[in-house]
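Structure record follows, encoded as structure tokens.
The values are calculated or read from the model by the stated rules, or taken from the named source; none is laboratory data. All values reported here derive from a predicted model rather than from experimental measurement. Quick reminder, even Gly has a Cβ in these numbers, built from the backbone with ideal geometry, and neighbours come from all protein chains shown. Just the protein is used for accessible areas: all its heavy atoms, side chains included, with ligands, DNA and RNA removed. Shrake-Rupley method; radii C 1.70, N 1.55, O 1.52, S 1.80 Å.
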Amino acid sequence: MNKRILKAMIKKDLRDIYRTNTLLTTIIVIPIVFSVLFPTLLVGSSLLFDIEKAVGNDVEKMLSMFLSQTNNEQTFTNIEQQIVYLFINYLLPSLFLLVPIITASVVAANSFVGEKERRTLESLLFSPVSIKTLFLSKTIASFIPSLLVSVTSFILCGIIINGLGYQLFGEIIFPSSNWVALIICLSPMVILFTVLLNLYISSRVKTYQEAQNMSGIIVLPVIALIVGQVSGLFLVGAKLTLIIAAVILVVNVVLLLRITKLSDRHILFEKQIH
Amino acid sequence: MNSIIDVRGVSKAFQGQLVLTDVDFKVEAGKIVGLLGPNGAGKTTFIRILNGVLKADSGSIRIMGHNPITDGDEIRASSGIVTESAGLYHQMSGRENLDFFADLYGVTDQNQKARLLELFELSGHENKPVGTYSTGMKKRLALCKALLHNPKILFLDEPTNGLDPDGINMVLSYLKKYNQETKTTVLICSHVLHQLESICDSFAFMENHTIIEQGTLSQLEQKYVTEVIVRIGTDLVLKETKILGYDCKPIVDGILVTLPSKTEISTLLKKLLQQHQVHSVEIVNNNLESIYFKVRERVR
């Protein structure tokens, strides 16, 4: 592994992200929507409107049922607190997962197919860059900005939730153990999985569009997670978050081994260069 | 002979379709070789195989003593390439492109980039994004990129495509000079024959996915030019179709005579000068283009 080459490739890719307006827009807009807009709307509306009056007995019962499943030690004085607590700790983390997924997906797909579409992949394959270095640099260069976006979103989310939620709860409610498990374990694993899957797909399809379409499949488990939580089928707590992260870690290792085995320069060249 | 490139019996097919068939090819170190052939003959595929980015189905290849399949990185580290698409990063400036490729090739000489930019008249444009460059400027920057690490072999795939006449002259004369100074072996793929005639030491002709002939211009001339056609600028007005027993025909301001060999030219001229004026004499069928078509005729 040539560290000089690795460093040059990562530096070039990061600069490329910074200079590609569409990419930059995506990695700015997505965190704003999921970590600023959504929590502001929910916590803000619970402060502005009298939700207790608006909801009926059925909703109250449903909230109590959800809360009984969570084994939380928090005591609630009103229905607004219950709604905000459930949203912040159970629904928002699932939605939040879309931040690293979308960011990593866009960045990784651009990183490999982008090289091919701009006809620069040919230059890289003609240079003394080993395929291992090529894939590793692409993985790191996609992982770093996605992780940064994820952590920044987490911080923004925390400021909004605690800033607005303090008026409602009279204490700091963020981050809960769910969030800590998510940001430390699940989010990096999900980013790595998205990046690896995207690189794997990108090295086998010809256009950016194809890569995007195929990698869109990653969003499906997250949607299942959201539906599962909204419907009350299951609630993902800290323990389950850690188990999911461990499973994704295993999948990542398998994916990494597959990528290393299949990444033959000749196959890559024949598949990618006309 | 010290062959820096030695190819024997190389074949390659893509999805059952033959792209190269039983190619034999040798290049002596320090020479400029022109790889000529029509579009689709397999020139680009051949260069890709030599660099180890494509795998030949059969045959053996040695580049600087290395096998492109097992020692591809060694070959790629010691060779430079200019592909038809130039392969540059358009959102990066010319200087940034060179910085990046210098890192990939481990170039430590910090003056090398400035020297090449100066040489290819790109110094004033080094900080502009490559996307704003003209085709000629991109080609020149691609040459800078290929020469950054002082390669032992330079592979050039249609290096003059998109260049204006001044650009073509500049690039070709620089290549010749560079070859003479550094003894770098150069392999140039092209279908523009007249551009290569003056700079190449030898030529290889590709046709039907294989190399059908290889040699220096004089070797090829000896083999393929069996009769000499001479264009003579003269005031002679032809009344017959023969002169001194040789076939001839009138052309504007002169005659075209077919002779069995070059040695007959003096005899013909001596006779002609006794009664007529001669303004110019030129052999018209020993240039690269004429030989190229003769070689192709043979295999058809």
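The figures follow:
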quantity: Matching residues in region A:197-212 - criterion: being open to solvent by 20 Å² or more (accessible area, probe 1.4 Å) and either at positive phi or outside any helix (DSSP H, G or I) (or both); calculated: A:ARG204, A:LYS206, A:THR207
quantity: Selection count where residues are within 15 Å of the chain's Cα centre (by Cα) and open to solvent by less than 10 Å² (accessible area, probe 1.4 Å), scope region B:1-40; calculated: 8
quantity: Top-ranked residue in region A:1-42 [being within 18 Å of the chain's Cα centre (by Cα) and of a type in the set (Phe, Trp, Tyr); ranked as nearest to the other protein chains (Cβ to nearest Cβ)]; calculated: A:PHE34
quantity: Enumeration of residues in region B:77-129 that are more than 14 Å from chain A (Cβ to nearest Cβ) and small (Gly, Ala, Ser); calculated: B:GLY94, B:ALA114, B:SER123, B:GLY124
quantity: Checking B:PHE25 against (1) without any contact (Cβ under 8 Å) to a residue 60 or more places away in the chain; (2) under 20 Å from B:GLU213 (Cβ atoms), the condition it does not meet; calculated: (1)
quantity: Region B:178-207, residues that are of a type in the set (Phe, Trp, Tyr) and either in a helix (DSSP H, G or I) or under 9 Å from the mean Cα position of the chain (by Cα) (or both); calculated: B:TYR178, B:PHE203
quantity: Condition broken by B:VAL23, with the remaining ones in (1) in contact with a strand residue (DSSP E or B) (Cβ under 6 Å, 6 or more places away or on another chain); (2) within 14 Å of another protein chain (Cβ to nearest Cβ); (3) among the β-branched types (Val, Ile, Thr) satisfied; calculated: (2)
quantity: Residues of region B:54-71 that turn out to be at the interface with another protein chain (Cβ under 9 Å from one of its Cβ atoms) and either crowded, with 23+ Cβ neighbours inside 10 Å or of a type in the set (Asp, Glu) (or both), as a count; calculated: 1
quantity: Conditions (1) at pLDDT 90 or above; (2) surrounded by fewer than 20 Cβ atoms within 10 Å (Cβ to Cβ); (3) aliphatic (A, V, I, L, M); number of the one not met by B:ILE168; calculated: (1)
quantity: Those residues of region B:9-45 which are of a type in the set (S, T, N, Q), assigned to a strand (DSSP E or B) and within 30 Å of B:THR182 (Cβ to Cβ), in sequence order; calculated: none
quantity: Test: residue in region B:42-51 that is over 24 Å from A:GLN272 (Cβ atoms) and more than 10 Å from every other protein chain (Cβ to nearest Cβ); calculated: no
quantity: Residue among B:LEU50, B:LEU35, B:LEU18 that alone is touching a Lys or Arg at 6+ places or on another chain (Cβ under 7 Å), in contact (Cβ under 8 Å) with a residue 24 or more places away in the chain and assigned by TED's automatic domain parsing to the domain that holds B:VAL192; calculated: B:LEU35
quantity: Every pair of residues 6+ apart whose Cβ atoms lie under 7 Å, when the first sits in region B:269-298 and is within 19 Å of B:THR258 (Cα to Cα) and acidic (Asp, Glu) while the second is open to solvent by 100 Å² or more (accessible area, probe 1.4 Å) and assigned to a helix (DSSP H, G or I); calculated: B:GLU289/B:HIS194
quantity: Total residues in region A:145-196, condition outside any helix (DSSP H, G or I), of a type in the set (A, V, I, L, M, F, W, C) and open to solvent by 20 Å² or more (accessible area, probe 1.4 Å); calculated: 2
quantity: Residues of region B:261-300 that turn out to be among the charged types (D, E, K, R), open to solvent by less than 100 Å² (accessible area, probe 1.4 Å), out of contact with any strand residue (DSSP E or B) (no Cβ under 7 Å at 6 or more places or on another chain) and not in a helix (DSSP H, G or I), as a count; calculated: 0
quantity: Index of the failed condition, A:SER127 passing every other in (1) open to solvent by 10 Å² or more (accessible area, probe 1.4 Å); (2) free of Cβ contacts under 8 Å to residues at least 12 places away in the same chain; calculated: (1)
quantity: Residues within region A:13-31 that are of a type outside the set (Asp, Glu) and touching a residue at least 24 places away in the same chain (Cβ under 8 Å), tallied; calculated: 8
quantity: Criterion (in the same structural domain as B:LEU117 (by TED's automatic domain parsing) and either among the β-branched types (Val, Ile, Thr) or farther than 14 Å from B:SER85 by Cα (or both)) met by exactly one of B:ALA204, B:ALA146; calculated: B:ALA204
quantity: So A:HIS266, is it within 14 Å of another protein chain (Cβ to nearest Cβ), open to solvent by less than 50 Å² (accessible area, probe 1.4 Å) and either in a helix (DSSP H, G or I) or at pLDDT below 70 (or both); calculated: yes
quantity: Meets criteria (without any contact (Cβ under 8 Å) to a residue 24 or more places away in the chain, hydroxyl-bearing (Ser, Thr, Tyr) and assigned by TED's automatic domain parsing to the domain that holds B:ALA204) for B:THR45; calculated: no
quantity: Residue check, A:GLU122 of a type in the set (Asp, Glu), crowded, with 21+ Cβ neighbours inside 10 Å and under 14 Å from A:SER202 (Cβ atoms); calculated: no
quantity: Qualifying residue in region A:137-157 (condition: within 14 Å of another protein chain (Cβ to nearest Cβ) and closer than 30 Å to B:ASP73 by Cα); calculated: yes
quantity: Options B:THR234, B:THR216, B:THR241: the member that is surrounded by fewer than 16 Cβ atoms within 10 Å (Cβ to Cβ), at negative phi, outside the structural domain of B:ILE49 (by TED's automatic domain parsing) and of a type in the set (Val, Ile, Thr); calculated: B:THR241
quantity: When residues of region B:82-99 are limited to those that are crowded, with 21+ Cβ neighbours inside 10 Å and of a type outside the set (Val, Ile, Thr), the one nearest to B:ASP157 (Cα to Cα); calculated: B:ALA86
quantity: Which listed residue is part of a helix (DSSP H, G or I), touching a Phe, Trp or Tyr at 6+ places or on another chain (Cβ under 9 Å) and touching a residue at least 60 places away in the same chain (Cβ under 8 Å), from B:LEU175, B:LEU220; calculated: B:LEU220
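Condition check ((1) at pLDDT below 90; (2) open to solvent by less than 20 Å² (accessible area, probe 1.4 Å)) across all residues:
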{"position": "B:LEU141", "(1), (2)": "no, yes"}
{"position": "B:THR185", "(1), (2)": "no, yes"}
{"position": "B:ILE199", "(1), (2)": "no, yes"}
{"position": "B:ALA204", "(1), (2)": "no, yes"}
{"position": "B:ILE211", "(1), (2)": "no, no"}
{"position": "B:LYS223", "(1), (2)": "yes, no"}
